[in-house]
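Each value in this text was obtained by applying a stated rule to the coordinates, not by laboratory testing. Nothing here was measured: the structure is a model prediction, and the numbers come from that model. Cβ placement follows ideal geometry from the backbone for every residue including glycine, while neighbour counts extend to all protein chains displayed.
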Amino acid sequence: MKNILFILILCYYTVNSQNYKITYIEQYNLGIPVHFTSTLYTSEEGSLFLKDATSRKQGYKTNVDVEDNINLDDAEVKREQVFIKGFNEYTFYNVNTKSFSFLVSNDSNVFNEIIDTPNDIIWHLTNETKHIGEFLAYKATGNFRGREWEVWFINNIPMPYGPWKLRSLPGLILEANEKTGKIYFSAIKIER
């Protein structure tokens, strides 16, 4: 299983020419408020969303600051190899099969891989806009797995991805808020 994951990640980065790395703050309030740092890697063939279990902290970040480098500055193109060590969950979306695979592990290093083929999310685009960093973001709302979502996406990166399993908009999702306020994602950094 670990070899398959390594090959998957290696192929993902060597095949694709237009990649982005987006760092998110991921917050949950499902009883005890916690937040994580997560990373989304994108390409034309799919996306890979990694939750860093080692970054787990109790409580909400009350003021999520967008870093100065949430922009598309091409001056420095970074290439890096992704290692799963330290991550307890990934979600890989394959555009061709329209399916997700994700690996969930626990403290005993037992890994379970799950394949998921959810229905497409039906998004309702609104006329609302706001600035997130240097980007003009557009609001959309939709229902996914029984939860109502409000998301903000940008056309500057015309890739239909976002955090976790949120996808299918004409641009990258930078912010997502579940209607009850129990789940929230906010991009804090974008790198090419």
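Above 21 Å lies some portion of the pair distances; for the range 107-184, what is it as a whole percent of all C-alpha pairs? Result: 32 percent of Cα pairs exceed 21 Å. When each of the peptides 144-155, 164-175, 128-139 is scored by the mean number of other C-beta atoms lying within 10 Å of its residues, the order from highest to lowest reads 164-175, 144-155, 128-139. Our summary gives the range 142-186 a relative contact order of 35 percent, counting only alpha carbon pairs under 8 angstrom and 6 or more residues apart. Over the range 96-189, Cα pairs under 8 Å with separation of 6+ residues give a relative contact order of 17 percent.
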